[in-house]
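The values are calculated or read from the model by the stated rules, or taken from the named source; none is laboratory data. From a predicted model like this one, the values you see are computed outputs, not experimental measurements. Here Cβ is always computed from backbone atoms with ideal geometry, including for glycine, and neighbour counts include all displayed protein chains. Note: accessible area is taken over every heavy atom of the protein model, side chains too, but ligands, DNA and RNA are not part of it. Shrake-Rupley method; radii C 1.70, N 1.55, O 1.52, S 1.80 Å.
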Amino acid sequence: ACSTISHTIMGTDCIIHRGVHIGQDGFGFAPSKSGVIKVPQIGQVIIGDGVDIGSGSCIDRGAGPNTIIGDYTKIDNLVQIGHNVQIGAYCFLAGHVGIAGSAIIGNGVMIGGQSGVAGHITIGDGAKLAGHSGFMTDVPPGETWVGAPGMPQKEFWKQVVKLKKLVKS
């Protein structure tokens, strides 16, 4: 399986594994009175130094603003990064992560496998997002969030304990 790279500016010492697709159009469609129209995707993908992108991952180019992947970020296999997404430096994205368009991911963020990040939200620097979770609101810097919908881990585990007590009653 070959990789395809277009509309991309890439830094040094990057590793692009087999089957990666970078710079294709994002999911740019809008409703209109005459039906669905395609929104032009005219941006690029900017990839920093030392980035590693795993097999089968796709990174959409920006619709206007560029999609940006920060220095030394590591992306596992089968990750989808939507158009206009900004990912900071030294992030770790595990397999099957999906990040919707225009989300902002700070520096040093870790996202567990099979998690989804909604579009147009911000994940603060150093946040940790648990695997198999869904995030639909901003996550403050340095916090660990869990669940679907995602919430601070302490709140999540309190809810789990209360639910177990309800079920035993």
For the range 13-169, what proportion of DSSP beta bridges, expressed in % and rounded to the nearest 5, is antiparallel? 15
Once amide H atoms are placed 1.01 Å from N in the peptide plane, what residues at a sequence separation of 5 or more from residue 27, or on another chain, have their amide H within under 5 Å of its amide H? 83
With Cα coordinates, the longest principal axis of the chain makes an angle with the long axis of helix 153-168, in degrees rounded to 10, of 50
Assign unit charges at the C-beta atoms only (+1 for Lys and Arg, -1 for Asp and Glu), then state the dipole size of the chain relative to its Cα centre in Debye, rounded to the nearest 20. 900
Charge dipole (the chain, unit charges on Cβ, about Cα centre) - positive-most of 2, 91, 32: 32
Counting sequence-distant residues (5 or more places) and residues on other chains, those with an amide H built under 5 Å from that of residue 62 are 43, 44, 45, 67, 84
The ³J(HN,Hα) series, computed from each phi in the range 114-131 with the Karplus coefficients 6.51, -1.76 and 1.60 at θ = phi - 60°, rounded to the nearest Hz and given as x for glycine or proline, is 6, 9, x, 10, 5, x, 6, 10, 10, 9, x, 3, x, 5, 10, 10, 5, x
What does the net charge come to around residue 139 if you take all other residues with beta carbon closer than 13 Å to its beta carbon, with K and R at +1 and D and E at -1? -3
Quick check for you: with a 1.4 Å probe and neighbouring chains kept, what is the accessible area per residue of the chain, in Å²? 52
